[in-house]
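Input: a single structure, listed below in structure tokens.
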Amino acid sequence: MAAVRPFRCIRPDVKIADRVAALPYDVYNRKEACAEVVREPLSFLKIDRAETQFDDSVDTYDERVYQKARELLDSAIADGTFVTDEEECYYIYELTMNGRAQTGIVACASIDDYQNNIIKKHEKTRADKEADRIHHVDACNAQTGPIFLAYRSKQEINNVVTAEKAAAPLYDFTAPDGVRHTVWRIAGRAEVDTLRKSFAELDSIYIADGHHRAASAVRVGMMRREANPGYTGEEEFNYFLSVLFPDDQLMIMDYNRVVKDLNGHSVEEFLRLVEEKYKVEKIGSDAYRPTKVHEAGMYLEGNWYKLTAREEIQSDDPVEGLDVSLLQKYLLAPILGIGDPKTDKRIDFVGGIRGLSELERRTREDMKVAFAMYPTSISQLFDVADAQRLMPPKSTWFEPKLRSGLFIHKLN
């Protein structure tokens, strides 16, 4: 049973929600974050990345940065930038990009469900990245960036969403990147009860994106439990801010690869080696986007090639059978010498949102060969998580990104 409950949301005043809403903290480097806060002084990024309030002499992870985040959040609540809803509610959050919408439920998920693997993971987290958000959540006494969760679509939940969307939205704006954000509040007791019961009937929920934020939120919750041995389990620190999407609404984009050189091989020798594991078909100068599983596009010296994994290397294993796994095992490692893609400086990763033209640009400027991947599917993600396995690095790219600052969950 999954515990997914409504909460008293802290959220921006309607008149300025479009200015407050910010892309996730981790899509920016420090210089970019500072520029964004200068462009939009109300951006929630100044709280998510409070080092933007200091010069470069102050380290990004300095204790003063986290205290500044708390100060800015408290001030924004005090001056009316943020309001607090009186009732515990669910919210509908719809994001529309390029005419395609995905609609989720904003709620709080249980740290016990995370610990007990009802909320399932597919990615390994790094302690250093966790530490930053642990300090941020703990100092702010609030979760400010929602975790992107997915579940197998359930008709009872869909029915509530459809009915509630007939009402006027709470927020409706289009961000500078062209993504439309629309929010409705679900406050009716019958609807709230239906959602709570429907989520409780789910056996599994999956982290789609935000593994580090989730792990950090859970760690802070466990710290609060240690500090409050008489806790009941109902305290807010036992739950973390999430947006839950049905699987049939989600689209995973390709996560592509570019490599700096051919590992000492000539073009002819490289193509011959690739042919041993992949059927290679030369396409020419027109960009080739793979159309099905076990296909990839390759761009080399101004030409696109279609790669089709030979049957003997295909696998039914949920991890080994992923296209990113096949490419790593049979091409990147043995031919191009990329042993560990997490640490090797000769490989880089390009999110599908940037398009195939970005792969062509990179090969002209600083790379030698590019690989356009067929996107990992949400069902493949579920299969890996159900098997309690981990995906290879950079297997999934989700768009559009959930905005921070639209929903805040206080820990007490």
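None of the figures in this text is laboratory data; all of them are computed from the coordinates on show. Just so we're clear, the structure is a prediction, and the values are computed from it rather than from any experiment. So basically every Cβ, Gly included, is an ideal-geometry build from the backbone, and we count neighbours across all protein chains shown.
One table, with the values for the structure above:
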| item | result |
| --- | --- |
| Fluctuation leader among 210, 321, 230 - the chain, Gaussian network, Cα springs under 10 angstrom | 230 |
| Length gained when the stretch residue 61-residue 279 is fully extended (0.36 nm per residue, less Cα-Cα span) | 73.6 nm |
| Length-normalised contact order for the chain - Cα pairs under 8 Å, 6+ apart - percent | 24 percent |
| Cα-centred dipole magnitude for the stretch 301-412, charges only on beta-carbon of K, R (+1) and D, E (-1), debye, nearest 20 | 600 debye |
| Low-density loop positions, chymotrypsin sites (Phe, Trp or Tyr not before Pro), the stretch 229-315 - DSSP coil, at most 15 other Cβ in 10 Å | 231 |
| Cα→Cβ-extended label distance, 7 Å offset, between residue 225 and residue 329, nm | 3.6 nm |
| Rounded, prolate or oblate (a/c below 1.5 giving rounded, otherwise prolate when a/b exceeds b/c) for the stretch 255-374 by Cα gyration tensor | rounded |
| Spin-label zone in the stretch 380-412 - amide nitrogen under 19 Å from a point set 7 Å from the Cα of residue 187 along the C-beta vector | 406-410 |
| Per-residue HN-Hα couplings for the stretch 231-241 [Karplus 6.51, -1.76, 1.60; θ = phi - 60°; Hz; x = Gly/Pro] | 4, 9, x, 8, 4, 4, 5, 7, 9, 10, 5 |
| Restricting the stretch 214-253 to GluC sites (Glu not before Pro) in coil, as DSSP defines it, with at most 12 other Cβ within 10 Å | 234 |
| FRET E, pair residue 1, residue 174, Förster distance 35 Å, beta-carbon r, rounded to 0.05 | 0.40 |
| Separation of the residue 79 and residue 345 label points, Cα + 7 Å toward Cβ, nm | 4.4 nm |
| Cβ charges +1 (Lys, Arg) and -1 (Asp, Glu), total dipole of the chain, debye | 340 debye |
| Cα centroid separation, the stretch 245-286 to the stretch 313-384 (Å) | 7 Å |
| Fully extended contour minus Cα-Cα distance, from residue 156 to residue 101, at 0.36 nm per residue | 17.9 nm |
| Gain upon complete extension [residue 54, residue 116; 0.36 nm per residue less C-alpha separation] | 18.3 nm |
| Distance in nm between pseudo-label sites at residue 124 and residue 320 (7 Å out along the Cβ direction from Cα) | 1.8 nm |
